[in-house]
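Encoded as structure tokens, the structure appears first; notes follow it.
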Amino acid sequence: YLAFYLSDPRNPRVLFSWKNIALFLGAFSFIAVMFVVSQAARMQITDIGTSQLKFLADYLRVWFSGNLSSFSIWFDSVIASPDASPGNKTFAGISELFNSGWRKPGIYQQTFDVNQRGEFSNIYTLFRFLMDDFGAWGCVVFHFAAGYLSKVFQTRLTSSGSQTSGALLAGILLLFLWSFVSSLFAYNSIVFPWIGFVLLMYFVTDKPQNAH
């Protein structure tokens, strides 16, 4: 949606319209209620009162945002150094496929108590992946390159209608929109469908047709 629909000059759209804001707030509220109900069912909480709601809210707060705290604790307590083979964490699935690294289940096994109440998390956002692989300066270069390529792809999409550029831009946006959780490109179940989507856009819409 962000890569294609909003970048189409023939059909300009406003992302932060009142309608879209209302839809987002409604969807967010619905998802929040569903998470509370589902977690209450999993924990076999049948009589939901004030104390139970507070317990569920505390649990879900850690579940949703504990990754940010984990990264902060790790960043403050561990000196990050670049990996011997840059990309082994950020693109863990691809690295394992080419035998340049081994992707452990969950990527990271070290956990931190994120709220000092015995709630542990081993999710550290995209930025630990980048710091482990490329170091602080490499992380800056990675973001600069991603921003530059995003502008190139967006320009090609809007100027010439290149659907391949739109598919490539969608992958970069996907990586950063989920950066608060993890590196989605560490999982081949994400990488290969995206590559397939890029190839589909190229062969179906952008590949030059031979004249007959």
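Here Lys89 is the anchor, and the aspartates and glutamates within straight C-alpha reach of less than 19 Å, apart from those fewer than 8 places off in the same chain, are Asp132, Asp133.
Of the residues Lys151, Lys54, Lys19, the one that moves most in a GNM of the chain with alpha-carbon contacts below 10 Å is Lys19. Classify the chain as rounded, prolate or oblate from the Cα gyration tensor: take a ≥ b ≥ c as the square roots of its eigenvalues, call it rounded if a/c is under 1.5, otherwise prolate when a/b beats b/c and oblate if not. Because a/c hits 1.5 or more and a/b fails to exceed b/c, the chain counts as oblate.
Residues whose amide H comes within less than 5 Å of that of Val181, counting only those at least five positions distant or on another chain, are Leu126 (H built at 1.01 Å from N in the peptide plane). Near the amide H of Ser121, within less than 5 Å, lie the amide hydrogens of Phe112, Val114, all on another chain or at least 5 residues away, with H placed in the peptide plane. Once C-alpha pairs closer than 8 Å and six or more residues apart are averaged by separation and normalised to the residue number of the chain, the relative contact order reads 23 percent.
Could you calculate the contour length gain from Phe16 to Ser65, that is, 0.36 nm times the residue separation minus the distance between their Cα atoms, to one decimal place in nm? Could you put the intermediate results ahead of the total?
On the way: separation 49, 0.36 × 49 = 17.64 nm, distance 2.39 nm.
Gain on extension, Phe16 to Ser65, equals 15.3 nm.
Once the Cβ-Cβ distance of Asp206 and Phe180 is raised to the sixth power relative to R0 = 41 Å, the FRET efficiency obtained is 0.80. Here the simple spin-label model places points 7 Å from the Cα toward Cβ, and for Val152 and Ser189 these points are separated by 3.2 nm. Given Lys19/Lys151; Lys151/Lys207; Lys19/Lys207, which pairs have Cα atoms separated by over 30 Å? In this structure, Lys19/Lys207 exceed 30 Å between Cα atoms. Membrane-span-like helices in the chain (whole DSSP H runs, Cα extent of at least 27 Å along the helix axis, mean Kyte-Doolittle hydropathy of at least -1.0): 18-42, 50-77, 125-160. In plain terms, the chain from Ile31 to Asp47 could stretch by 3.7 nm, reckoned as 0.36 nm per residue minus the Cα-Cα distance.
Summarising the amide proton neighbourhood of Asn88: residues at separation of 5 or more, or on other chains, whose placed amide H is nearer than 5 Å comprise an empty set.
Read-outs: derived from the displayed coordinates by stated rules, not from any lab. Note that the coordinates shown come from a computational prediction; the quantities given were computed from them, not determined experimentally. Cβ sites come from the backbone with ideal geometry, for glycine too, and all protein chains shown count toward neighbours.
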